[in-house]
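Below is one structure, written out as structure tokens; comments come after it.
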Amino acid sequence: MSPAAPTQAPAPFGAPSGPTVRTVTDAFHGDLLEVSMGPQHPSTHGVFRMDVTLDGEVIVKLKPVFGYLHRNHEKIAENTSYLASMPYTDRLDYLCSMSTNWAYALAVEKLAGQAVPDRAQYLRIILAELTRIVNHACLVGFLFNDLGTSFTPLLYAFREREKIIDLFEALSGSRMMCNYQRFGGCRIDPSPEWLAAASRLVDNFPRFLDEYERMLTGNEILLARTQGVGRLKAANAINAGITGPVLRAAGVNYDLRKVDAYGFYSRFDFRVPLGEHGDTYDRYMMRILEMRESVKILQQAFRDLPTGPIMDPKAKIRGFRPKAGEAYGRLESPKGELGFYLLSDGTPNPYRYRVRPPSLINLTLLEEMCLGHTVADAVVILGSIDIVLGEVDR
Amino acid sequence: MLGSGILKGLAVTAKNFAGSFYDPERMATVQYPEERAPLGEHYRSFPLLVCENAADPLGTLRCVACTICEKECPPQCIYIEKSKDKKPDATGKPQLYPVIFTIDTAVCMGCGICAELCPFDSIKMDKVFEVTATNRFTGLLLERDQLAKSNAYYHSIRPAEAAEVDARLAAERLAAEEKAKAAALAKAAAAAAKAAAAPPTTPPSAA
Amino acid sequence: MESLEQIRDRLLARFPGATITLVPNPGPAAEHTISLDNAHAFEIARFLRDDPALQLDYCSNVTGIDWPEKEIVETKKVSVADPAGGPAKVVEEKTKRIEPGRLEAVYHLYSMALRHGPVIIRLRTGNRSDQVTVPSLTPVWRSCDFQEREIFDLFGIVFEGHPNLRRLLMWGDFKDHPMRKDYVEPDDYEWEPTPHAEVLERAQAHYPSVTPGVSAPAQVEAKP
Amino acid sequence: MSAYAMAVAGSEPFLERAPLLLRDAFVQLLPAPTQWLVHHLITIVAILAVFGLFFAFTTIAERKLLGRLQNRRGPNRTGVPQFSILPWRFKHTLFGLSQPFADAVKALTKEDIVPAAADKLLHFLAPVLVVAFSLLTFAVLPFGRNLIPVELDSALLYFFAAGSATELTIFMAGWASRNKYSLLAAMRALAQVISYELPLMLSVVPVVLVAGSLSTREIALAQGGWTFGIIPHWNVFTPWGFAGFLLFLVAALAESNRSPFDLPEAESELVAGHLTEYSGFKYALFFMAEYFGLTALSGLGITIFLGGWQAPVPFLGFVPSYAWFMLKLVGMIGFFIWVRGTLLRLRIDQLTRLAWQFIVPLALINLLNAAFWSLTRDWTGALQLVRWVISAAIVVGPFVLLGRKLNAGRAPRTYRYATS
């Protein structure tokens, strides 16, 4: 694959990262095998499809195919009011509805010039970081399933995730479809008991991470399966718009919590882990280390959580009509930069509503990452990119 | 040494194996039909319509068929037809009422926006999640009488919120009564004043 | 980062002949945008990426926007001299003009190296029917790859120079562009009887003998 | 064999003789010309019944054990239907122990789908053959002091010959299914059989060398006796035996396609590998064969390394030998389940590399070790200690060196952090 236009970009269409790939067929090598992995395949994390061409088991060509879960979320949103899109954003990245809600609320607040009270900002950070833990725990679990464990790490991760999800249910009324953030604040004020339970859970979480790491991080099979697999170069990753832990695993220091310091993130003391090799192992470790940093943020948030209203008194729930204009709000979702682009023409419905899905754009370099590796690796690389098809296909 | 990571992993799974017998932190499963995890205060499943009197659910619905929920419902699963006549509502004001109020629970996603936006505290979120039907079209299409639940039931599922709503409604009712009383008094006063001020056109004996 | 005006001026100095206009954003976000002409867009994009002061190496978001043809009624107050010689009268004069429809692609650019942004650029097509081509910026920013394909799919903007311009979300044989404002939904995709009269009517139009409560395809199949 | 059993019958406890007495009592009832046939048929039926049931309960044990490893409960809902007609409400589901029977009913009543493009005959033959081959291996395992179905002098050769045929049936299934995933699985199975037959056999050869026999009965008998009255003379309690046992475990895992070597099935990569196009009872047959293979290999491992049917301590000698065998079998299977619950899957190139660069050299070195062990048989006293040290060094040294080479360039990493 090479660009049609003659440019001298800094290797945007990077060379395959794996071993050299044979592209010829002759009498000694036999035919190439074309396999359509998906849409029904256990490891495509939904209804994603990869049309792979194999030389033996080595991938010489990979073509991602999308759209099996396409429901034109953007069109639906353009035909309903701003508020009515909020529950639909839950269904974009259904593992992290809290941060997806926040991204949408952030964009609408930017569009309407809406202020958010302090307590709500803290609550949003608490929930977003809990969501990050939920997402990374899930991802790591599923990654190990792709690596061939019999569900054990996944179920350990789910056990911990379940505790956080229970908190979400107690707070918002639903486990995954939280529909919690509102333009100008949050919907429900958590009770002191809830906060105490959440704080206790967060304090206990590093214990789980330690056990998890003891079980897996040093495992020789894991090292063999992930180190050096699916290398991603920093320059290519930036050019391809890859964000989130995948980008940081390649060594690029770009975390919107630091760069944009949206919400109250500038008030928190945390670090951004950076990888060096950009391979699957780094991507896995980024998740583990980010969970540890999230725990730190959460502990600070529980300590400093102010009292006060959770909803801006000027915020309008009924009859919300932002002034004409446009805004692009983005935040660091667990998967990368999640952005909402909104264009208002002064009516109750957005004129243009666009989601910038990190899952989709992080797949841009999937082929480059997989070339030269085997089918087994392709599954793992896809798993380490962390996609949710609800967001990819929208 | 090669294998040490594997041995550590085996140790952790063994620990979890043992822990699953005595440690509730590790064995978090709830044996569902016999045991049930408690539902939180804010848990929501599908909408219900609050009525004041369980004996006459359809006659005492709080709903005034304003259709805000119908318009705002994201998946458009609510269908309302307004009445032609008016009936007095909880505050005694004559209001419209829904002749048809259906919610297609096959479509409903339980987001709770209808309950959030309802200005009359009429539509609320239920907590019953075990909803089954043998016909996926009509079976899941809930009519007015299936949706109507008494205020007492609402109190039983969401005590804090219901108490708050009741207090607010009571205050409104009181205010409305006082307003009505004041209006009646004013009216009477005005009438009296009028009667006093106006020159008698009819002989007082006739009045 | 430089202001948008400065960027525009530098661009105009660098690319003489290019039409670069600022598009103000009236909303509170005040993210103003630059509109580029199609002939120079590709070169300008490369300049924006490689310029050491800007280094917009990261194209975050690419969006299509559909602006259908719309009739704009402008009211102007015109003073008309009274033919009778009296004082001039102020008369409201309504002029109707048709604003031609167009499609627009909006690019949100950031710099990861210098951590600034966004610089938002817009590319516009001539109309919505036959002049729907804008230059593809995928060779400049690889991240536009899928997003431009998606816009091509859902809006129908043809990106010239895109290495692999195929539909992304809809299937290959699909004809229309669903995100356009005048897109008409097919009448058969939501055929299940619902309480909504409108949907039911559409279902009945598609399956004439549909009765609520029974699966429509089952009824259609049952018919000889 | 019957005559032999009768000969030793007098000196052994009743429980030890019970299975044979039962069989002989039944055989005596029949006319003499059919006796030899019935004699063997009973053996076959007994193996089928015992290991059929063992398979059934292994499936539920695996699911429950894995469940506990993963902090779940595993299947615990399938009750016993008869109990529901009892007058009192017997609500206990017996821990879901009837799950395998429900599974069997499900597998039997499921639709059997054969892909249109498949090679119908091979597609049918593969599951049949895989069960047949995996059952063949049971013939030479000594399940107890007197319970050995067929006594062969070259029992080990027979075992490997029959055992390796199962991998060929996997290839057959993969090829006949006309499915690309199945085809990949078939190729993987071939690579695996080529890579792991050799280490499996090489890990067993030291035992043959030391015991001086290919007969499983002889090998089991040779491990009788105790040092100091408590340490049994099992092969696993010698340095070369321990190393051989570990190599055997790895190779057995690979040979029986268990995690971490379940590459032909590889559900996260190849959907279900060679099983993709199988459903219903044929699928169940593959499943059954996998467990039979696992059981047989565990049985072999027990026989050659874990003292076979020998009791671990002298004072427990009254427990019948077949009970010891079964107990050890349960332990082995439990270990395999534990491993499955913990480990990740290797990639095919790593699998073959592990075999050729690690296990085969180690097995060859272990052969030398065993030779050294048998040559120094009469070293006593302090020399005995020297013997142990040398033998242990021959095990550990190459293991560390080869392991370092195999794992070269890979280690857990430390990461840097950005604070802004």
* Cα-based helix-to-principal-axis angle, A:375-385 vs chain A, degrees rounded to 10 -> 20
* **Inter-part distance where region C:96-137 and region B:126-157 are each reduced to a Cα centre, Å** => 49
* Structure fact -> Once amide hydrogens are built 1.01 Å from N within the peptide plane, the residues lying 5 or more places from C:Asn61 or on another chain with amide H under 5 Å from its amide H are C:His108
* Surface/4 estimate of mean projected area, convex hull on alpha-carbon atoms of chain A, nm² -> 20.0
* To do: Taking amide H positions as placed in the peptide plane 1.01 Å from N, state which residues far from B:Gln95 in sequence (5 or more) or on other chains have amide H under 5 Å from it.
  => B:Lys87, B:Asp89
* Asked: Across 10 Å bins from the origin, how do the percents of Cα pairs in region A:36-82 run, short distances first?
  -> 25, 34, 22, 14, 5, 0
* Structure fact -> Restricting to lysines and to Cα separations under 20 Å from C:Lys76, and discarding same-chain partners fewer than 8 apart, the set is C:Lys89, C:Lys94, C:Lys96
* Anything over 23 Å Cα to Cα? Flag those among A:Lys335/B:Lys71; D:Lys120/D:Lys180; C:Lys70/C:Lys181; B:Lys82/C:Lys181; B:Lys71/C:Lys70, in the order listed. => A:Lys335/B:Lys71; B:Lys82/C:Lys181; B:Lys71/C:Lys70
* Asked: What's the exposure ranking of A:Trp102, D:Trp379, going from fewest to most Cβ atoms within 10 Å?
  -> D:Trp379, A:Trp102
* How large is the charge dipole for the protein assembly as shown, taken about the Cα centre, if only the Cβ atoms of Lys, Arg (+1) and Asp, Glu (-1) carry charge, to the nearest 20 debye? -> 1840
* Asked: Which whole number gives the average count of other chain Cβ atoms within 10 Å of the Cβ atoms across peptide A:353-359?
  -> 4
* Asked: Hey, how many Å between the Cα centroid of region A:101-167 and the Cα centroid of region D:6-78?
  -> 53
* **Long-range HN-HN contacts of B:Lys82 with modeled amide H, under 5 Å** => B:Val99
* What does the helix-only formula give at 222 nm for chain D: each DSSP H stretch with n ≥ 4 adding -39500 (n - 2.57), the total divided by the residues, and the result rounded to the nearest 500 deg cm²/dmol? -> -21000 deg cm²/dmol
* Asked: So how tilted is helix B:159-197 from the main axis of chain B? Cα-based, degrees 0 to 90, rounded to 10.
  -> 10
* Which ordering of A:Cys178, A:Cys96, B:Cys114 is given by a fewest-first count of other beta-carbon atoms within 10 Å? -> B:Cys114, A:Cys178, A:Cys96
* Asked: Any idea what angle helix A:280-304 forms with the longest principal axis of chain A, computed on alpha-carbon atoms, 0 to 90 degrees, nearest 10?
  -> 10
* What is the fewest-to-most order of C:Val184, A:Val108, D:Val208 by other Cβ atoms lying within 10 Å of their Cβ? -> C:Val184, D:Val208, A:Val108
* **Candidate aspartates and glutamates for bridging to D:Lys64, where Cα separation is under 15 Å - those fewer than 8 sequence places away on the same chain excluded** => D:Asp103
* Relative packing of A:371-381, D:51-61, which averages over residues the other C-beta atoms within 10 Å, highest first -> A:371-381, D:51-61
* Structure fact -> Taking every residue of A:62-70, the Cβ atoms of other protein chains inside 10 Å of its Cβ average out to 4
* Mind checking which aspartates and glutamates have their C-alpha under 12 Å from A:Lys110, skipping anything on the same chain fewer than 8 residues away? -> A:Glu326, C:Glu31
* Structure fact -> The alpha-carbon center of region A:211-225 and that of region A:59-82 are separated, in whole Å, by 35
* Compactness index (Cα Rg / 2.2 N^0.38 Å), region D:113-367 -> 1.03
* To do: Report the Stokes-Einstein translational diffusion coefficient (µm² s⁻¹, integer) for the protein assembly as shown, Rh taken as the Kirkwood radius over Cα pairs, at 37 °C with viscosity 0.692 mPa s.
  => 92
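Just so you know, all these numbers are worked out from the coordinates, no wet-lab data involved. The structure displayed is predicted, hence computed values, not measured ones. Quick reminder, even Gly has a Cβ in these numbers, built from the backbone with ideal geometry, and neighbours come from all protein chains shown.
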